[in-house]
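The structure appears below as structure tokens.
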Amino acid sequence: MPRVTFFNLPEDKKQKLISAAKKEFSRVPLFDALISNIVKSAEIPRGSFYQYFEDKEDAFFFILNDLVVKNNSEFVRLLKKYEGDIFDTLIEFYQFIIEEDENFHFFKNIFLNMTYQIDHTFSKTFSDRDSKEHFKRISSLININTMNVSNDKELSHVMQIITAVTLRNFVEKYAKNLTIEEAVNNYKIEIHLLKKGLSKPASNEGELSQ
């Protein structure tokens with residue numbers, strides 16, 4: 001979390017520092033990022049950086065959390081648009097993320113250099129397993145009448161499965177340099193498999209012979 005001095009900065013200086021940090025984290029992954037490049041781009045002394053952030057990780061996760069909040073707002077908007085259909089929502093949301101030119105390199109770096117903390121932070125876009133209020137807000141928008149779930153606990157596990165599938169598809173898109181069309185088509189296949197279920201119903205003949 002940034003220090004109080006960061007939040008007390010004039011808005012233009014705050015945005016200049018954020019843009020400089022985001023530029024560096026878009027250039028290289030977090031562990032390769034250089035504070036010297038951030039302060040040079042922001043035109044501030046190196047010592048000033050530590051008045052605003054504890055370290056480069058602090059700056060990185062501030063930016064990532066801000067994007068997660070914005071992405072969550074878009075996810076909620078799409079849930080409302082599709083009247084709670086989680087599957088249609090996911091497909092459009094996935095396409096929304098990979099079509100974003102402004103954050104393309106930032107997302108590419110985070111998905112190709114995923115850590116538990118990055119995974120955990122980005123996953124809050126869909127459902128924050130540590131926040132009951134957040135889960136309650138999202139789950140209230142999902143039309144569970146069209147899903148094979150019996151209670152909130154099962155829905156929570158379904159959301160974790162969906163999140164894992166979605167994150168893996170983000171990684172694959174950037175790792176294999178897939179086109180948007182290729183990536184979306186692959187994701188649609190997996191989402192439709194989840195929607196149908198993976199267990200094939202037993203035939204009547206099979207049931208009678210048991």
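Would you mind listing the helices (runs of 4 or more DSSP H) fully within the stretch 86-147 where at least 3 residues are out of contact with any strand residue (DSSP E or B) (no Cβ under 7 Å at 6 or more places or on another chain) and touching a residue at least 60 places away in the same chain (Cβ under 8 Å)?
86-98, 104-112
Of the residues 93, 104, 60, only one is modelled with pLDDT of 95 or more and over 23 Å from residue 138 (Cα atoms); which?
From the options 93, 104, 60, the qualifying one is 60.
Collect the residues in the stretch 1-18 that are surrounded by 13 or more Cβ atoms within 10 Å (Cβ to Cβ) and in a helix (DSSP H, G or I), keeping them in residue-number order.
Kept after step one, since they are surrounded by 13 or more Cβ atoms within 10 Å (Cβ to Cβ), are these residues of the stretch 1-18: 2-3, 6, 9, 13-14, 16-18.
Selection gives 6, 13, 14, 16, 17, 18.
Do you know which residues across the stretch 157-183 are free of Cβ contacts under 8 Å to residues at least 40 places away in the same chain, crowded, with 16+ Cβ neighbours inside 10 Å and either among the small types (Gly, Ala, Ser) or touching a Ser or Thr at 6+ places or on another chain (Cβ under 9 Å) (or both)?
Residue satisfying the conditions is 159 alone.
State yes or no: is residue 38 hydrophobic (A, V, I, L, M, F, W, C), in a helix (DSSP H, G or I) and within 21 Å of the chain's Cα centre (by Cα)?
no
Among the numbered criteria (1) surrounded by 15 or more Cβ atoms within 10 Å (Cβ to Cβ); (2) under 30 Å from residue 195 (Cβ atoms); (3) not charged (D, E, K, R), which one does residue 26 miss?
Unmet for residue 26, out of (1) surrounded by 15 or more Cβ atoms within 10 Å (Cβ to Cβ); (2) under 30 Å from residue 195 (Cβ atoms); (3) not charged (D, E, K, R): (2).
Applying the selection to the stretch 10-44, what residues are touching a helix residue (DSSP H, G or I) at 6+ places or on another chain (Cβ under 8 Å), farther than 15 Å from residue 63 by Cβ and in contact (Cβ under 8 Å) with a residue 24 or more places away in the chain?
Passing the criteria: 43, 44.
When you go through 32, 58, 101 one by one, which is the residue that is among the acidic types (Asp, Glu) and surrounded by 15 or more Cβ atoms within 10 Å (Cβ to Cβ)? Spell out how you get there, then give the answer.
Details: 32 fails: surrounded by 15 or more Cβ atoms within 10 Å (Cβ to Cβ); 101 fails: surrounded by 15 or more Cβ atoms within 10 Å (Cβ to Cβ).
Within the list 32, 58, 101, the selection yields 58.
The values are calculated or read from the model by the stated rules, or taken from the named source; none is laboratory data. It should be emphasised that the depicted structure is a prediction, and the values quoted were computed from it without experimental measurement. Cβ: placed from backbone, ideal geometry, glycine included. Neighbour counts: every protein chain shown.
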